[in-house]
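A short write-up of the structure that comes next.
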Amino acid sequence: MRVTTATPADLERLLAFRVEAATWISKLGSDQWKRPYPADRLLATIEGGTVFMLRDGERTAGTITLTPEAEEGLWSDEELAQPSMFVNKLTISRDYAGQNLGGRFLDWAGSRACRAGAQWLRLDAWTTNERLQRYYLDQGFQHVRTVLEGNAVNGGPRVSGWLAQRPSRLADHGFGDETPSPEPLHA
């Protein structure tokens, strides 16, 4: 398997991934990703070069967004002063479930973050999805805190404010990496 940078041609597959994941998560009792993700916002992140695809031949096994930009209102100024990369939208196709591809993809992200000069690989997860939170803890992340207020989108309670981090580090993830070298982070 190999990791590539997503292109605009991947937009429909990524939107379908989101629907597939939301359907699976709903069956587990979570409302995470219930609302469709705006295609224009996803296209902007693709064009920004922060969306990556895990490819198995011509098939797409997974996707991850990895960015130096934190979502507003989650991390403190002190935390933001530490060089970090942020994971978003990690999704593995149900066809590839049970193969630890998500864990290996997180290792790939941690390696990329390390090569960019990041101290931390950070993420936020759905505040009510305890199964997902346990998954990230099992992947070596440490819970930092849960932010429940300050959702700038609709003024309501924040739904994805469970914050976790782990040190970035080089790892043997076993994927071919066809992405360009990451841009160095600026302090």
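Starting from the amide H of TRP162, placed 1.01 Å from N in the peptide plane, find each other amide H under 5 Å away whose residue is 5 or more places distant or on another chain.
ALA125, THR127, VAL147
Could you derive backbone 3J(HN,Hα) for region 2-13 from the dihedral phi with the Karplus parameters 6.51, -1.76 and 1.60 (θ = phi - 60°), listing whole Hz in sequence and x where the residue is Gly or Pro?
9, 9, 10, 7, 5, 10, x, 5, 8, 4, 5, 5
So what are the ³J(HN,Hα) numbers for region 166-182, from phi and the Karplus equation (6.51, -1.76, 1.60; θ = phi - 60°), rounded to whole Hz, Gly and Pro as x?
8, x, 6, 6, 5, 9, 8, 7, x, 9, x, 10, 9, 8, x, 4, x
Just so you know, all these numbers are worked out from the coordinates, no wet-lab data involved. Predicted model, so just to flag it, every value in this text is computed and none were measured.
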